[in-house]
Amino acid sequence: MHSIIPAVAGVACLCAALFPLRVSAQILSTETIGPILVVPGQTVDLWFPNVFDPDHPKRLIWEGFTQTTGDPAAGGVTMKFDWLDPRTGGTVYSPDFALPINAGTAIEFLIPFCPPQVSIHFETDNPAGFQVQGVFIHECIPEPHEVGVVMALGLLGFGWLRRRPQG
């Protein structure tokens, strides 16, 4: 029985070494945006590359501030996320989100897979335009069971190393 435990722990260590490759592919990217000027008739579309992963969801987050020097009642600014869908070859859009005027906000949206490119898209109809600045965060989310398996295998491997006779 004692001879099988080191073998199982050794296999667990090997698996733990392989699993992080899949989990480490889940990249967190933070893009600083602006300040940029958004004016009527000119959309701002900012694209960022990603690692394509059809098996994990992608979280898109906008944390930023919008400001106009004109009349806020003349129109607001909207934002939406968009991404390339490799299955159709086209661009897919999230719903429009109205950003608060002269205030900060945080908006989160989830895509069911990690596309090869994601974008954030701003538009306004306010004649004075808007200045927009903030951060665009996009990350692939590993499935909880994958992270748990990696942690469990890592703990098994660590326990095996601690119990191993020093020689």
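Quote the FRET efficiency, to the nearest 0.05, computed for Thr88 versus Val135 with a Förster distance R0 of 41 Å and r equal to the Cβ-Cβ distance.
That gives a FRET efficiency of 0.90.
Summing charges over all other residues whose Cβ lies under 9 Å from the Cβ of Ile120, with Lys and Arg as +1 and Asp and Glu as -1, gives -2.
Just to confirm a number: summing +1 for Lys and Arg and -1 for Asp and Glu over residues other than Val38 whose beta-carbon lies under 14 angstrom from that of Val38, what do you get? Surrounding charge for Val38 is -3.
Step by step: find N for the stretch 28-141, compute 2.2 N^0.38 Å, then divide the Cα radius of gyration by it. What's the final number?
Normalised Rg, Cα atoms only: 1.07.
We did not get these values from a lab; they are worked out from the coordinates using the rules stated. What you see is a predicted model; the values in this text were computed from it and never measured. When we count neighbours, we look across all protein chains shown, and the Cβ atoms used for this are built from the backbone with ideal geometry, even at glycine.
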